[in-house]
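As structure tokens, the structure follows; a few thoughts come after it.
The values are calculated or read from the model by the stated rules, or taken from the named source; none is laboratory data. Treat the numbers as computed from the prediction; the structure is a model and nothing was measured. Here the Cβ positions follow ideal geometry from the backbone for every residue, glycine too, while neighbour counts run over all protein chains shown. Note: accessible area is taken over every heavy atom of the protein model, side chains too, but ligands, DNA and RNA are not part of it. Shrake-Rupley method; radii C 1.70, N 1.55, O 1.52, S 1.80 Å.
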Amino acid sequence: YLRGTWGWGIGASGTIYLPHWAPDGTLTGCKLRDGAGGKQSLPGSRYEHLYGSWLGRRHKAVLVTEGETDAIYVGWVAAEERIDIDVFAIPSGAQKTIEPQWLDFLRGASPIYLAFDPDEAGVGATRNWIEALNAAGFSDVRICCLPLGRDLREARPSLRHLLAEARKPLQEPDGIRFIITDNSLRH
């Protein structure tokens, strides 16, 4: 699954290679992960497209995650459970600017589920995505709720339950911004 669907490879030293392609199949970059937690990219790597976009759009529903491992985990679960949903990830973490080509790629998707990490960066990314999707005319955006401190891969929720429980975002009151830090809510 990792090699065949996502193109992952393992080097002789145990380094994991996570290639990124453009929607047209052009290799644009490759992240490397070693067994000691080290992270780097091959020189010249660019992460301009949603991770997984080279797989194309096959379903109306889409789930966007914060990282590659979350996308791979949820993609595998969706395939195993025969849930018709496409899964993509933000290519460089929650702080990445939302690119217009990402929104173009997602055009026609409904609903779009956002399942970002339940930390300050993930909450900020969720708000930014909601604003960008609303401004681009997407009308069915839903937020997946994960346990604090656990991403999708760690939490391993029932995907059917996660999608069923996802809610449309509430409008944020003018001048008030909510931030979750250290398992508490501040505004």
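Distance between the modelled labels on Ala121 and Ile83, one decimal in nanometres: 2.4 nm (7 Å Cα→Cβ projection). Solvent-accessible area per residue in the stretch 25-107 equals 48 Å², computed with a 1.4 angstrom probe and all protein chains kept. Could you give the longest part of the chain that holds none of the chymotrypsin sites (Phe, Trp or Tyr not before Pro) found in DSSP loops with at most 12 neighbouring Cβ atoms within 10 Å? So the longest stretch without any such site is 2-177. Taking every DSSP beta bridge that has both ends in the stretch 17-152, the antiparallel portion is near 45%. Close amide H pairs (under 5 Å, H built 1.01 Å from N) link Ser41 with Leu32, residues at least 5 positions away or on another chain. For the stretch 114-164, the square roots a ≥ b ≥ c of the C-alpha gyration tensor eigenvalues yield an a/c of 1.5 or more together with a/b not exceeding b/c, which makes the shape oblate.
The eigenvalues of the Cα gyration tensor, multiplied by 5 and square-rooted, give the stretch 23-107 an equivalent ellipsoid with semi-axes of 22, 17, 11 Å from largest to smallest. Across Glu68, Glu165, Glu99, the residue with the most accessible area heads the list, and the full order at a 1.4 Å probe is Glu165, Glu99, Glu68. Listed by chain and number, the lysines placed with their C-alpha closer than 22 angstrom to that of Lys96 are Lys31, Lys39; residues fewer than eight positions away on the same chain are left out. Across the chain, C-alpha contacts under 8 Å between residues 6 or more apart give a mean separation that, scaled by the residue count, equals a relative contact order of 15 percent.
Subtracting the Cα-Cα distance of Glu165 and Thr69 from their residue separation scaled by 0.36 nm leaves 32.3 nm. Taking 20 Å as the straight-line reach from the Cα of Lys60, the lysines in range (excluding those fewer than 8 positions away in the same chain) are Lys168.
The slack between Leu2 and Asn134, meaning 0.36 nm per residue of separation minus the straight C-alpha distance, is 44.2 nm.
Counting only protein heavy atoms, what percent of the accessible surface of the stretch 11-129 is carbon or sulfur at a 1.4 Å probe? The value for the stretch 11-129 is 51 percent carbon and sulfur by accessible area. Dividing the helix sum by the residues of the chain, where each DSSP H run of 4 or more adds -39500 (n - 2.57), gives a mean residue ellipticity at 222 nm of -7000 deg cm²/dmol.
Take the Cα radius of gyration of the chain and divide it by 2.2 N^0.38 Å, N being the number of residues; the result is 1.02.
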